[in-house]
Amino acid sequence: MHPFRPLALAALALPLLAASLSAQDASSAALPDVVAQLGLTEVEAHSHRGEGRHLQGRLPEGAWVEVDLHRDGRVEEVEAHDGDGFPIAAVAALVPEAVRASPSFPAEARLHKLDWDGDRIEIEGRDGEGREFEAEFATDGRLIEMDVED
């Protein structure tokens, strides 16, 4: 092998490596608005082949969450990494005011999951008394269904 061949190959590979690193920096710099809305830190973002993005990060109060985004940028789901969940207040900015104003809204809950399904919001977690619950609200604030464990 010619002594300069490895150097020539390395010289060809450097621009490709630099372009790859620049693309990674650009994608992390262009994080969605939800990161700021939730105050997420230590964020990792991954794309889902044409289906949206998947974020992992830490809420200001310390809980780790996963956030799934639709390809148009809408939040589809926020889910806790662990069994302790996260306070509903930490994600209140994502919940329509009409839902938060509902008398059935579990304002003191710790959530395991918050899921948007069209014009419905599904909430799973523990209420202020520690009971497991699942609730479904219409985006206009109407309670559709609530199940609470005794």
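The values are calculated or read from the model by the stated rules, or taken from the named source; none is laboratory data. Everything numeric in this text was worked out from a predicted model, so none of it was measured. No Cβ is skipped: glycine too gets one built from the backbone with ideal geometry, and neighbour counts run over all protein chains shown.
Tell me yes or no: at least one residue of segment 66-88 is on the phi > 0 side of the Ramachandran plot, modelled with pLDDT of 95 or more, in the same structural domain as GLN37 (by TED's automatic domain parsing) and out of contact with any His (no Cβ under 7 Å at 6 or more places or on another chain). No, every residue in segment 66-88 fails to be on the phi > 0 side of the Ramachandran plot, modelled with pLDDT of 95 or more, in the same structural domain as GLN37 (by TED's automatic domain parsing) and out of contact with any His (no Cβ under 7 Å at 6 or more places or on another chain).
The residues listed here are ALA93, ALA89, ALA98; of these, the one that is within 21 Å of GLY52 (Cβ to Cβ) and in a helix (DSSP H, G or I) is ALA93. Filtering GLN37, GLN56 for residues that are touching an Asp or Glu at 6+ places or on another chain (Cβ under 6 Å) and of a type outside the set (Gly, Ala, Ser) leaves a single hit, GLN56. Residue pairs whose Cβ atoms lie under 8 Å apart, separated by 6 or more positions or on different chains, with the first residue in segment 50-77 and among the polar types (S, T, N, Q) and the second crowded, with 17+ Cβ neighbours inside 10 Å and at pLDDT 90 or above, are GLN56/VAL65; GLN56/VAL67.
Just checking, does segment 40-54 include any residue being more than 13 Å from the chain's Cα centre (by Cα) and surrounded by 15 or more Cβ atoms within 10 Å (Cβ to Cβ)? There is no residue in segment 40-54 that is more than 13 Å from the chain's Cα centre (by Cα) and surrounded by 15 or more Cβ atoms within 10 Å (Cβ to Cβ).
Against the list (1) modelled with pLDDT of 95 or more; (2) over 12 Å from the mean Cα position of the chain (by Cα); (3) not β-branched (Val, Ile, Thr), the condition PRO106 fails is (1). Checking ASP127, ASP119, ASP115, ASP140 one by one, the residue that is out of contact with any His (no Cβ under 9 Å at 6 or more places or on another chain), surrounded by fewer than 18 Cβ atoms within 10 Å (Cβ to Cβ) and either over 19 Å from GLU77 (Cβ atoms) or among the hydroxyl-bearing types (Ser, Thr, Tyr) (or both) is ASP140 and no other.
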